[in-house]
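For reference, the structure is listed below as structure tokens.
The values are calculated or read from the model by the stated rules, or taken from the named source; none is laboratory data. Since this is a predicted model, take the numbers as computed values, not measurements. As a convention, Cβ positions derive from the backbone with ideal geometry for all residues, glycine included, and neighbour counts pool all protein chains shown.
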Amino acid sequence: MSDFQTVARATEIEPGEMRQVRVGRKRIAIINVEGEFFAIDDTCTHEEASLSEGDLFGDIVECPLHGAAFNVRTGEVEAFPAVVPVETYQVRIVDDEIQVAT
Ligand code: FES
């Protein structure tokens, strides 16, 4: 069974914004796409840059270091140089709390 943990308040992350949170030893990016929240590994699969420091274009996050792009819904690579998808995590909102299952 998934273990959901509260990582932030929903009102703290505006639509179009991303934020890094830590769950245990994992660095996870929480992403607000027009009011819908997603969670992916915050570490780029190319050379470990922080994706939450990159740019968000709709549901695509672009790495700040070399421009690889990932779909925040699926984790799939949308642009090179990355070739390995990022992990995605289940997200739920309980009251105003963003909860992530790891
Ligand atoms: S570290 Fe992300 S594209 Fe190179």
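Table for the structure above
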quantity	calculated
Leading residue by the ranking (modelled with the lowest pLDDT) among those in the range 88-102 that are of a type outside the set (F, W, Y) and surrounded by 14 or more Cβ atoms within 10 Å (Cβ to Cβ)	T102
Index of the failed condition, I28 passing every other in (1) within 13 Å of the chain's Cα centre (by Cα); (2) crowded, with 18+ Cβ neighbours inside 10 Å; (3) in a loop (DSSP other than H, G, I, E, B)	(3)
The range 32-64, residues that are near the ligand (Cβ under 8 Å from one of its atoms) and surrounded by fewer than 16 Cβ atoms within 10 Å (Cβ to Cβ)	E47, E48, P64
Among (1) assigned to a helix (DSSP H, G or I); (2) over 17 Å from D96 (Cα atoms); (3) touching a residue at least 40 places away in the same chain (Cβ under 8 Å) - the single one S52 does not satisfy	(3)
Selected residue (only one of T11, T6 is away from the ligand (no atom under 16 Å from the Cβ), outside any strand (DSSP E or B) and more than 13 Å from the chain's Cα centre (by Cα))	T11
